[in-house]
Amino acid sequence: MDKLQITGGIRLDGEIRISGAKNATLPVLAAALLADGPVTIGNVPHLHDVTTMIELLARMGVTVTVDEKMRIEVDPSTITECFAPYELVKTMRASILVLGPLVARYGRADVSLPGGCAIGARPVNIHVAGLQAMGADIHIEGGYIRARAGRLHGARLVLDTVTVTGTENLMMAAVLADGETVIENAAREPEVVDVANFLIAMGAQIEGAGTDKIVINGVKSLHGTHYDVLPDRIEAGTYLVAGAITGGHVRLKNTRPEHLDAVLAKLTESGAHITTGTDWVDLDMGGRRPRSVDVRTAPYPAFPTDMQAQFAALDTVANGVGTVVETIFENRFMHMLEMRRMGAEIRLEGNTAIIHGVDELTAAPVMATDLRASASLVLAGLVAKGRTDIERIYHIDRGYEAIEEKLAQLGAHIRRVPN
Ligand code: EPU
């Protein structure tokens, strides 16, 4: 298994291109199951999770072709079984996203229950209850969600908790249902809007995506289309923190600054000078040490849980004391324990981390435990004195395209070596 070796202490300086969003690509690939004809999807990031989703579709008999530009063509007309096996779902929870499309389009789905996860329990009860309210007959058997349905019917769904993939699953199911579905307390994340735009491009009738009330009028069928997924706001945020933590200057191309409001506000508070255009962001720290910032995660448009670990890394070397409060997932602090091994001063009290910035972190062998935790260890490695070895980097490859190449482009001393 590969590991990353980072020699810290370089002030980053340069420009990189942001890839397509993982968390939009995965539901868009699942939504392609709804179409009557082939769809092509562009701006797809080269990521392990995307490969897993392609494998999942292929196992169902769906024809998936990928060209040299990572443009993916999905032709669902060759589907032979509506089945998501445990061996794939256990490696990627987002496999649950095929549930809604399969039930709506084919009237059946056998999808493994995802089970526990490194960052929290992450149940899927809201996905299941929503589909039941639309008329699906669902029971859990042998660790599988077994769903059967005729044509689904519209329903008013008030979600207990704001859930991103839950909103996407139910929206995808509702586009082919008979009548109107209203999703209240819907997630407002840009990725939800992207999925809605993709569905609309296929002929769906959806209003209100990006607000907490989405109204869907079911149509009889959806047609093929071409769609480019939106840029990854979490990848963008991660590289901006890389610039800030090293006192450097980073310019991002192919990004959407309007999706980064909460993150840019915190970076400005930490002392960064930020300028933006329609599709670029420039962060200049001018060699300064960052100031500590307090962050509290919450659903979009508030501060994203997927940026919590990266800001914790920033606080470990910032001037002052910062608090990080995680309100979305109950166990998303594993990186704090690893960063302590690098000399970080972090006190944990329930879902709050109190971080006293230290003058310097020192390199240590550390272990990635989930995707964003790994990103935070990379950031800590960029400023630590000495060489940090990060193990289990398959977590990073799930969500960051060519991270060592992009960081090297910014001047970082980083390489991937076989363990
Ligand atoms: N929840 C329930 N019941 C449900 C669904 C969710 O109680 O049926 C709870 C969860 O346990 C959690 C909260 O609702 O406490 C919010 O979770 P959500 O469902 O929004 O998370 P998700 O859809 O499983 C997506 C992203 C995550 C991101 C979260 C929060 C994808 C594929 N994944 O997960 O991304 O952290 O939203 O924004 O879109 C990542 O990319 O590293 C990642 C983990």
I'd like the full set of residues that are within 16 Å of the ligand (Cβ to nearest atom) and without any contact (Cβ under 8 Å) to a residue 12 or more places away in the chain, limited to the range 1-60. T51
Could you tell me whether the range 303-315 includes any residue that is surrounded by fewer than 17 Cβ atoms within 10 Å (Cβ to Cβ), without any contact (Cβ under 8 Å) to a residue 60 or more places away in the chain and either among the β-branched types (V, I, T) or in a strand (DSSP E or B) (or both)? no
Return yes or no: is G143 over 23 Å from L222 (Cβ atoms) and either open to solvent by less than 60 Å² (accessible area, probe 1.4 Å) or away from the ligand (no atom under 16 Å from the Cβ) (or both)? yes
Hits in the range 164-194 (condition: touching a Leu at 6+ places or on another chain (Cβ under 7 Å), under 25 Å from K220 (Cβ atoms) and assigned to a loop (DSSP other than H, G, I, E, B)): V175, L176, A177, A186
Subset of the range 191-211 that is touching a strand residue (DSSP E or B) at 6+ places or on another chain (Cβ under 7 Å) and not aliphatic (A, V, I, L, M) - its residue that is most open to solvent (accessible area, probe 1.4 Å): E207
Restricting the range 356-389 to residues that are charged (D, E, K, R) and either part of a helix (DSSP H, G or I) or in contact with a helix residue (DSSP H, G or I) (Cβ under 9 Å, 6 or more places away or on another chain) (or both), the residue that is modelled with the lowest pLDDT: D370
Return a yes/no flag: does the range 104-116 have any residue that is part of a loop (DSSP other than H, G, I, E, B), small (G, A, S), open to solvent by 20 Å² or more (accessible area, probe 1.4 Å) and under 30 Å from L410 (Cα atoms). no
Kindly indicate the residue of the range 160-184 that is without any contact (Cβ under 8 Å) to a residue 60 or more places away in the chain and within 11 Å of the ligand (Cβ to nearest atom) and also surrounded by the most Cβ atoms within 10 Å (Cβ to Cβ) among those meeting that condition. T167
Would you check if there is a residue in the range 355-369 being closer than 26 Å to N23 by Cβ, touching a residue at least 60 places away in the same chain (Cβ under 8 Å) and crowded, with 16+ Cβ neighbours inside 10 Å? yes
Among the residues of the range 81-103, which ones are out of contact with any strand residue (DSSP E or B) (no Cβ under 7 Å at 6 or more places or on another chain), assigned to a helix (DSSP H, G or I) and surrounded by fewer than 21 Cβ atoms within 10 Å (Cβ to Cβ)? E87, L88
Pick from the range 117-127 the residues that are in contact with a helix residue (DSSP H, G or I) (Cβ under 8 Å, 6 or more places away or on another chain) and not in a loop (DSSP other than H, G, I, E, B): which of them is surrounded by the fewest Cβ atoms within 10 Å (Cβ to Cβ)? C117
Tell me, which strands (runs of 3 or more DSSP E) lie completely within the range 195-301 with 1 or more residues that are among the hydroxyl-bearing types (S, T, Y)? 226-228, 273-276
Counted residues in the range 265-308 being within 16 Å of the ligand (Cβ to nearest atom) and over 19 Å from the mean Cα position of the chain (by Cα) come to 0
Consider V128 carefully, then state whether it is within 12 Å of the ligand (Cβ to nearest atom), under 19 Å from the mean Cα position of the chain (by Cα) and at pLDDT 95 or above. no
What are the residues in the range 1-27 that are out of contact with any Asp or Glu (no Cβ under 8 Å at 6 or more places or on another chain), assigned to a strand (DSSP E or B) and open to solvent by 20 Å² or more (accessible area, probe 1.4 Å), if any? D2, T7, D13, G14, E15, R17
What is the residue count in the range 28-69 for residues that are touching a helix residue (DSSP H, G or I) at 6+ places or on another chain (Cβ under 9 Å), in a helix (DSSP H, G or I) and either open to solvent by less than 20 Å² (accessible area, probe 1.4 Å) or more than 19 Å from G224 (Cβ to Cβ) (or both)? 16
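The values are calculated or read from the model by the stated rules, or taken from the named source; none is laboratory data. Just so you know, these numbers come straight off a predicted model, no measurement behind them. In this analysis, Cβ positions are derived from the backbone assuming ideal geometry, glycine residues included, and neighbour counts consider all displayed protein chains. Protein only, heavy atoms only, side chains kept; ligands, DNA and RNA dropped before computing areas. Shrake-Rupley method; radii C 1.70, N 1.55, O 1.52, S 1.80 Å.
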